[in-house]
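Scroll down for the structure; my scribbles are underneath it.
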Amino acid sequence: MWLSHFFLVVSPGGLLLNPLGLIGLTAVPLIILLYILKLRRHPQLISSTLLWSKVLREMQANTPFQKLRNNLLMWLQILIVILLALALARPIYRGTLKIGKKVVVILDTSASMKTKDIEKETRFEKAKEGVQMMIQNMADGDSMMLLEGTRSNGVQTIFTSQKRQLYQSLDKMYPRDTPTELSESLLLAVSSLKGHQEGEKEVDPSKESGEIYVFSDGANLHLDRLNNIQIPVHLTQIGSSGDNLGIIALDVRRITGTKDEYEIFTNVKNFYAEKKTFFLSLKVGSEETPIDARELTLEPQENLSVIFKTQLTSGPMVLEIDEEDPFPVDNRAYYFVVEEKESPVLIVSDGKNAFLEKVLKLDPLAEVTVVRPGDYSEELLKDHELVIFDRYLPSSIPKINAVFIAPPPTESPIPEFPFHVLGYIAGSEITEWDATHPLMRYVEMSDVEVFQSEEIKYPVGFKPLVKTGFGPLMALVPYKNFEHLLIAFDIRSSNWVLRASFIIFFSNVLQQARISLRQLIKDTLAGQPVPIRVLDPQAKIVVTTPKQKSLEILNSGEITYFSQTDEVGFYTVRVGEQMSQFSVNLLNNEESEIAPAKEITLGNSKVEVQRTVNKANQEIWWWFAIVALIVTFLEWLVFHKRLV
């Protein structure tokens, strides 16, 4: 092994991957020895020795060697041996890219890596070339682990020194349409390096514990939240341009009081450094001709809200920016319109809440039925999609979607109920609300005053929608396969019934109740799991992706989740004989901002950033092999010429 290290570095610009191949140079002295050894003579009778005097003098010498003469054949043969020895030593042209004994390589596979701004290549393709160079540059004893920089933290290979396995794993990696998320991958890399070192029998403290190499465009990494990472992190930043036009928001909702009139709310942003003018078109169904289009002019970094109003029937709908740019993923937004049918709603109330009845009857698709608490029974739930309990608690939790408004306090928890009402609180001021949740879309709570609320003990996993200084005022409470809405105040003891947000909120409630009873949620974001409601636990579930790839998923019961939503577009779901569709979008302002970051921080320190991919070491043994073949041919010509 010492001989290998002795011959390892040939020159500042060269390196031998197999230095032991130079042992072949020992054949050079053997060739020279053959040319200075005397030939063994055979006796031969001749008539005279007059012309053989020089030969006789050589035969009479005592030494077995003769004087070395300048022989072209000998020099050609020596050159052949030298060339073959160098070829066996596998020389490479030495680049500046070096790796350590143990490295973890994280390859960013987020949507922004699909940007084409480098010599007609995507950023991912360029980054992949860099990883290939690192694999090629591995020496004996080096090991590498490949990770995908996604939310799923895909581990392509554990630590291995097998280049073929690394190349095969790298070939399987591809960019997705999901937002950037490298934090979890980086933490996994750190723990893997530490675990790998602890698993070694002998650890040399003079050697580095390992290094992490990240190949990414550096956009929206958010690594400043990670602290106490002692392992060196190197970032190769791919990409140069931030030019992009993108759709960053989309919301489609039926206009209250109508059956097929819809409003389409969208937000478009110009990420270019100059003013851009383009068309935003609306397409419905399989038609390529837009049913509506708007010409937009946006200043640099300006975003603009656009509203379309139109009649829509069940089927696909696409918003499209009619302008090519380096990042096409966010140029389209998809939505699958599901025909909304009449939904029967049951209200269990004492009949003194006229506000609640009127707001629900504003929806032409809501068939509202009101019953007194004494007339309520679980049999009534079979004919309804939603039940609202107004200041009343049933003896058992319903097995459909339910809304509880100001449930009365009880001394002890009701069996099987996921929450417990403890008492009342006077004067609750709203401090915040979750405007991102579908139930709270366009719901403004800043002007709402609540004069009395309730103190409630919530279960683990509940989701607050509206908060006060005393606790949640509205929350979603999970129970088995349902999420029940809990409103912890009497709507009559507030000014909410006089605000527009009251109408909008209950319109959202009815819409979400209808959606939850469909087979699946009709729209979601890339990378987010989709719940599929399954009526038959034995049914076969097949999901077809936008690229027409069919995926069979395990039927896990009433709610089955499909998580492979890493591609934007329309998906088709078949559950037995039933078929549904849903859409997946990027709709991410940060991911659409594709400009590479000027500075990357990890915790409180800056990350070493390399702006270009260095050339890796290139094996050049075949150069020497070709020259050796040519010289061998020349030696053959010289030898036969002498014979002739």
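The values are calculated or read from the model by the stated rules, or taken from the named source; none is laboratory data. A quick note: this is a predicted structure, and the numbers were derived from the prediction, not measured. Quick reminder, even Gly has a Cβ in these numbers, built from the backbone with ideal geometry, and neighbours come from all protein chains shown. When the accessible area is computed, the model is the full protein with side chains, heavy atoms only, and any ligands, DNA or RNA have been set aside. Shrake-Rupley method; radii C 1.70, N 1.55, O 1.52, S 1.80 Å.
All but one of (1) open to solvent by less than 10 Å² (accessible area, probe 1.4 Å); (2) over 16 Å from Asp217 (Cβ atoms) hold for Val131; which doesn't?
With respect to (1) open to solvent by less than 10 Å² (accessible area, probe 1.4 Å); (2) over 16 Å from Asp217 (Cβ atoms), Val131 is out only on (2).
Pairs needed: first member in segment 548-573, closer than 25 Å to Thr109 by Cβ; second member anywhere, buried (at least 16 other Cβ atoms within 10 Å of the Cβ) and basic (Lys, Arg); C-beta distance under 6 Å; at least 6 residues apart or different chains.
Note: pairs meeting the criteria are Asp566/Arg176.
When residues of segment 381-393 are filtered for being modelled with pLDDT of 90 or more, open to solvent by less than 60 Å² (accessible area, probe 1.4 Å) and touching a Ser or Thr at 6+ places or on another chain (Cβ under 9 Å), how many remain?
6
For segment 1-46, how many residues are farther than 30 Å from Asp140 by Cα and modelled with pLDDT of 70 or more?
The total comes to 13.
Just to be sure, is Ile503 touching a residue at least 24 places away in the same chain (Cβ under 8 Å), open to solvent by 10 Å² or more (accessible area, probe 1.4 Å) and not in a loop (DSSP other than H, G, I, E, B)?
yes
Please enumerate the residues belonging to segment 345-379 that are surrounded by 16 or more Cβ atoms within 10 Å (Cβ to Cβ), without any contact (Cβ under 8 Å) to a residue 60 or more places away in the chain and not acidic (Asp, Glu).
Scanning segment 345-379 gives Leu346, Ile347, Val348, Ser349, Val368, Val370, Tyr376.
Let's see how each residue does on (1) open to solvent by less than 10 Å² (accessible area, probe 1.4 Å); (2) modelled with pLDDT under 90:
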site	(1), (2)
Ser395	no, yes
Phe419	no, no
Glu432	no, no
Arg441	no, yes
Ser453	yes, no
Met474	yes, no
His484	yes, no
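A quick yes/no check of all residues on (1) in contact with a strand residue (DSSP E or B) (Cβ under 6 Å, 6 or more places away or on another chain); (2) open to solvent by less than 80 Å² (accessible area, probe 1.4 Å); (3) under 30 Å from Ile135 (Cβ atoms):
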| position | (1), (2), (3) |
| --- | --- |
| Val542 | yes, yes, no |
| Tyr561 | yes, no, no |
| Tyr571 | yes, yes, no |
| Gly576 | no, yes, no |
| Asn585 | yes, yes, no |
| Val609 | yes, yes, yes |
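State which residue is nearest to the chain's Cα centre (by Cα) when the search covers only segment 104-116 and only residues that are in a strand (DSSP E or B) and buried (at least 23 other Cβ atoms within 10 Å of the Cβ).
Checked segment 104-116; the qualifying residue nearest to the chain's Cα centre (by Cα) is Asp108.
Looking only at segment 593-605, count every residue that is modelled with pLDDT of 75 or more, farther than 18 Å from Asp117 by Cα and either open to solvent by 50 Å² or more (accessible area, probe 1.4 Å) or polar (S, T, N, Q) (or both) and tell me the total.
Of the residues in that region, 2 qualify.
Please go through segment 399-409 and give me each residue that is at pLDDT below 90 and surrounded by fewer than 20 Cβ atoms within 10 Å (Cβ to Cβ), ordered by number.
Lys399, Ile400
Among the listed residues Glu552, Glu567, Glu590, which satisfies the condition of being among the acidic types (Asp, Glu), at pLDDT 85 or above and in a strand (DSSP E or B)?
Answer to the selection: Glu552.
With the requirement that a residue be of a type in the set (A, V, I, L, M), at pLDDT below 85, open to solvent by less than 20 Å² (accessible area, probe 1.4 Å) and in a loop (DSSP other than H, G, I, E, B), what does segment 513-540 give you?
Val534
List the residue pairs whose Cβ atoms are under 6 Å apart, where the first residue sits in segment 17-32 and is under 20 Å from Leu76 (Cα atoms) and assigned to a loop (DSSP other than H, G, I, E, B), the second is open to solvent by 30 Å² or more (accessible area, probe 1.4 Å) and modelled with pLDDT of 80 or more, and the two are 6 or more positions apart or on different chains.
Matching pairs, first to second residue: none at all.
Inside segment 235-280, can you point out the residues that are within 30 Å of Lys358 (Cβ to Cβ) and either touching a His at 6+ places or on another chain (Cβ under 9 Å) or assigned to a loop (DSSP other than H, G, I, E, B) (or both)?
Answer for segment 235-280, where residues must be within 30 Å of Lys358 (Cβ to Cβ) and either touching a His at 6+ places or on another chain (Cβ under 9 Å) or assigned to a loop (DSSP other than H, G, I, E, B) (or both): Ile255, Thr256, Gly257, Thr258, Lys259, Asp260.
Would segment 300-323 turn up any residue that is surrounded by fewer than 18 Cβ atoms within 10 Å (Cβ to Cβ), without any contact (Cβ under 8 Å) to a residue 24 or more places away in the chain and under 32 Å from the mean Cα position of the chain (by Cα)?
no
Select, from Glu357, Glu411, Glu416, the only residue that is among the acidic types (Asp, Glu), more than 22 Å from Ile456 (Cβ to Cβ) and not in a strand (DSSP E or B).
Glu357
Quickly run through segment 548-559 and pick out the residues that are in contact with a strand residue (DSSP E or B) (Cβ under 8 Å, 6 or more places away or on another chain) and open to solvent by 90 Å² or more (accessible area, probe 1.4 Å).
Result: Glu552, Leu554, Glu558.
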